[in-house]
Amino acid sequence: MRLTSESLGIVVGRARPDEVTFESKRPVSIGEYVVLDYGDGGVLGLIERSSITSGALGDDIGNYEEAFESRQVAAENRRDKSYKGTVRILGYLDSLKKGRAMIPPVPAEPGTEVSEATAEDLSSIFSPSSHGWIKVGSLLRNPEVQVGVNINKVVSRHLAILAMTGMGKSNLVSLLTKEVSDIHGTMVVFDYHEDYTYLDIPNSNRMDARINPRFLATEEFAEVIEIQKNASNQLHVLRVAFTDEVKKRKDDDFWNALVDAAAEAGREKGYKEASEKVVDKIQDARRRFSKILDAGLADPLALIKNGKINIINLVELTERQANIVVSFYLQELLEDRKKGRSGGKVDPRFLAPVLAVIEEAHVFIPKGEETETKYYASKVAREGRKFGLGLVIVSQRPRSIDANILSQMGSLAVMRMIQQDDQAQVAAASEALSRDLIEQLTSLNSGEAILAGQWVNLPAFVRIEEVKGRKTGGDLDAVEQWQRLAQAKEMAKESSESYIPSGYSPD
Ligand SMILES: Nc1ncnc2c1ncn2[C@@H]1O[C@H](COP(=O)(O)OP(=O)(O)O)[C@@H](O)[C@H]1O
Ligand SMILES: [Mg+2]
């Protein structure tokens, strides 16, 4: 690409204010940017469809012989090929450089000159050097143009990162954590698959999820100790046993008092068996989750640090337990940030905005099912802006995420996605992505994304920078591991055969 614009083609056919077609000198790629000369200024457009047709080799070719002969005709005729591009009009270049999109009210006249956009124009739109922007990659079709995102908008208006597994969602989150770490921002990442536990982030604070069972509601505690939702007798026993009196006891006292109370509840007629099961479950949970359930824990938020990337490891938890943990932290964070705004009456723990990341969002905020996290996530999505609590939701199953919460996400990063119902849900949730853009999702490769919404000036096809040294969520390489094991065995065998006693000298 050049600094001065290169003429590319001419607008033809019926033009609309938002979309024109042009005849090009060469085949054009989807995702290329072009500038149309409107007389009163250059207007930026994005190529959303591209086609090549041949006069001689049209759909009416009836047989192989005809195709064979027509190929000759086509090769000799300079006028044979038609390269068409359909362009979505994005707005006047000047206004876009200032972060606004002003679309000309009238369509481009047929005959309007179309040229390639210059690197300089694109850079000032896609990576403004202004405050709050961080670099995440480069334009897919113009690799010399860097792309930035406005991190302020992520915190104030939330973000959804959606794509199939293995397409680069966690890589993008990793990149954001590193960038936010560099500017001493505060993030809380709920790490469901240990994607971030071993990531090299300078300002990080890692912890295993910990909750105080004494602070939970009975239903929540029942989830944690894995009492089935339909086990009504066991729930009854727990309700009788999990009293305020028991909750007041700390540490081991709490557990002992709870077990006694659950055993006591078995005296009630018909509840003996349920009581025994509940006692088993309490003791089992206490042992299995000793690292997570801490009855002596005063304030779980105290573990989260200002100005750090806080990574909360959820890997040992079941879905339901993880749900309790995430909802618990979200609730506490929201309460704390509300305090921060109330004008100094109560000291908040977090003195500045916090960005929370929920991976596997379809588990925590599913469509058509109530979960603990969903209630608080939707509160944060609606109100977080006021208090400076941003939400990033990440999922490989957009179709299974609560549509209401998804639609509150002001920004989007979408990578390869082939399922129709996933695409439809994303389209419904966001005005920022046109149908044509969504159709392109099937053709993206790993690490390539469409960024849209409030955190960018314009929707963009972007190659996201790869974060090196990640322990990845990619498929495990069984063949490689077997080979390594075999090699190690071989080496062990060789070294035992060529064993040289110490002190032996060859001379
Ligand atoms: N921006 C990128 N550039 C190059 N490769 C990438 C990029 N993002 C992801 N990948 C590759 O894809 C793999 C899966 O990425 P990951 O972010 O774990 O996917 P997801 O979280 O969507 O399942 C990574 O191991 C890496 O090899
Ligand atoms: Mg992932």
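The values are calculated or read from the model by the stated rules, or taken from the named source; none is laboratory data. On a predicted model such as this, the values are computed, not experimentally measured, just so you know. Here Cβ is always computed from backbone atoms with ideal geometry, including for glycine, and neighbour counts include all displayed protein chains.
Tabulated data
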quantity: Residues that are assigned to a loop (DSSP other than H, G, I, E, B) and touching a Phe, Trp or Tyr at 6+ places or on another chain (Cβ under 8 Å), drawn from region 278-303; calculated: Ala295
quantity: Filter pass, Ser181 being of a type in the set (Gly, Ala, Ser), assigned by TED's automatic domain parsing to the domain that holds Arg397, more than 16 Å from ligand 1 (Cβ to nearest atom) and assigned to a helix (DSSP H, G or I); calculated: yes
quantity: Index of the failed condition, Arg100 passing every other in (1) modelled with pLDDT under 95; (2) under 18 Å from Arg14 (Cα atoms); calculated: (2)
quantity: Selection status of Ser395, touching a Gly at 6+ places or on another chain (Cβ under 6 Å) and closer than 11 Å to Ala160 by Cβ; calculated: no
quantity: Number of the exception - Val188 against (1) of a type in the set (Val, Ile, Thr); (2) within 13 Å of ligand 1 (Cβ to nearest atom); (3) not in a helix (DSSP H, G or I); calculated: (2)
quantity: Hey, Gln331 of a type in the set (S, T, N, Q), free of Cβ contacts under 8 Å to residues at least 24 places away in the same chain and away from ligand 2 (no atom under 16 Å from the Cβ) or not; calculated: no
quantity: Set Ser174, Ser138, Ser127, Ser170: member being at pLDDT below 95 and of a type in the set (S, T, N, Q); calculated: Ser127
quantity: Which listed residue, of Ala427, Ala452, is free of Cβ contacts under 8 Å to residues at least 12 places away in the same chain, of a type in the set (Gly, Ala, Ser) and more than 19 Å from Ser50 (Cβ to Cβ); calculated: Ala427
quantity: Residue in region 56-107 that is surrounded by the most Cβ atoms within 10 Å (Cβ to Cβ), counting only those that are of a type in the set (Lys, Arg) and over 25 Å from Ser124 (Cβ atoms); calculated: Lys84
quantity: Residues of region 18-47 classified as surrounded by fewer than 20 Cβ atoms within 10 Å (Cβ to Cβ) and within 33 Å of the chain's Cα centre (by Cα), total; calculated: 4
quantity: Condition broken by Thr118, with the remaining ones in (1) closer than 17 Å to Phe22 by Cβ; (2) in contact (Cβ under 8 Å) with a residue 40 or more places away in the chain satisfied; calculated: (1)
quantity: Odd one out for Ile365 among (1) more than 22 Å from Phe328 (Cα to Cα); (2) more than 16 Å from ligand 1 (Cβ to nearest atom); calculated: (1)
quantity: Set Thr86, Thr53: member being of a type in the set (S, T, N, Q), under 34 Å from the mean Cα position of the chain (by Cα) and assigned to a strand (DSSP E or B); calculated: Thr86
quantity: Members of region 164-178 that are more than 8 Å from ligand 2 (Cβ to nearest atom), more than 13 Å from Lys468 (Cα to Cα) and part of a helix (DSSP H, G or I); calculated: Leu176, Thr177
quantity: Condition met for Glu264 (surrounded by fewer than 16 Cβ atoms within 10 Å (Cβ to Cβ), out of contact with any strand residue (DSSP E or B) (no Cβ under 8 Å at 6 or more places or on another chain), of a type outside the set (Ser, Thr, Tyr) and in a helix (DSSP H, G or I)); calculated: yes
quantity: Qualifying helices (runs of 4 or more DSSP H) (wholly inside region 371-475; at least 3 residues being touching a helix residue (DSSP H, G or I) at 6+ places or on another chain (Cβ under 9 Å) and either of a type in the set (Lys, Arg) or surrounded by fewer than 18 Cβ atoms within 10 Å (Cβ to Cβ) (or both)); calculated: 372-387, 403-407, 420-429
quantity: Ser130 closer than 19 Å to Gly185 by Cβ and in a loop (DSSP other than H, G, I, E, B); calculated: yes
quantity: Residue among Ser434, Ser411, Ser446, Ser407 that is touching a Gly at 6+ places or on another chain (Cβ under 7 Å) and more than 16 Å from ligand 1 (Cβ to nearest atom); calculated: Ser411
quantity: Failed condition for Ile134, given (1) under 20 Å from the mean Cα position of the chain (by Cα); (2) among the aliphatic types (A, V, I, L, M); (3) crowded, with 21+ Cβ neighbours inside 10 Å; calculated: (3)
quantity: Residue pairs meeting the criteria (Cβ under 9 Å; at least 6 apart or on separate chains; first over 13 Å from Ser174 (Cβ atoms), in region 194-206; second within 16 Å of ligand 1 (Cβ to nearest atom) and at pLDDT below 90); calculated: Arg206/Thr197
quantity: Residue check for Val147: within 17 Å of Ala377 (Cβ to Cβ), aliphatic (A, V, I, L, M), within 14 Å of ligand 1 (Cβ to nearest atom) and at pLDDT 95 or above; calculated: no
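Yes or no, residue by residue, for (1) closer than 16 Å to Val188 by Cβ; (2) assigned by TED's automatic domain parsing to the domain that holds Ser156; (3) of a type outside the set (Asp, Glu); (4) within 16 Å of ligand 1 (Cβ to nearest atom):
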{"site": "Glu319", "(1), (2), (3), (4)": "no, yes, no, no"}
{"site": "Arg341", "(1), (2), (3), (4)": "no, yes, yes, no"}
{"site": "Leu355", "(1), (2), (3), (4)": "yes, yes, yes, no"}
{"site": "Glu372", "(1), (2), (3), (4)": "no, yes, no, no"}
{"site": "Ser395", "(1), (2), (3), (4)": "no, yes, yes, yes"}
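Yes/no matrix, rows are residues, columns are (1) surrounded by fewer than 16 Cβ atoms within 10 Å (Cβ to Cβ); (2) over 26 Å from Val259 (Cα atoms):
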| residue | (1), (2) |
| --- | --- |
| Arg287 | yes, no |
| Ser290 | yes, no |
| Ile309 | no, yes |
| Glu316 | yes, no |
| Val325 | no, no |
| Leu334 | no, yes |
| Arg337 | no, yes |
| Gly340 | no, yes |
| Pro348 | no, yes |
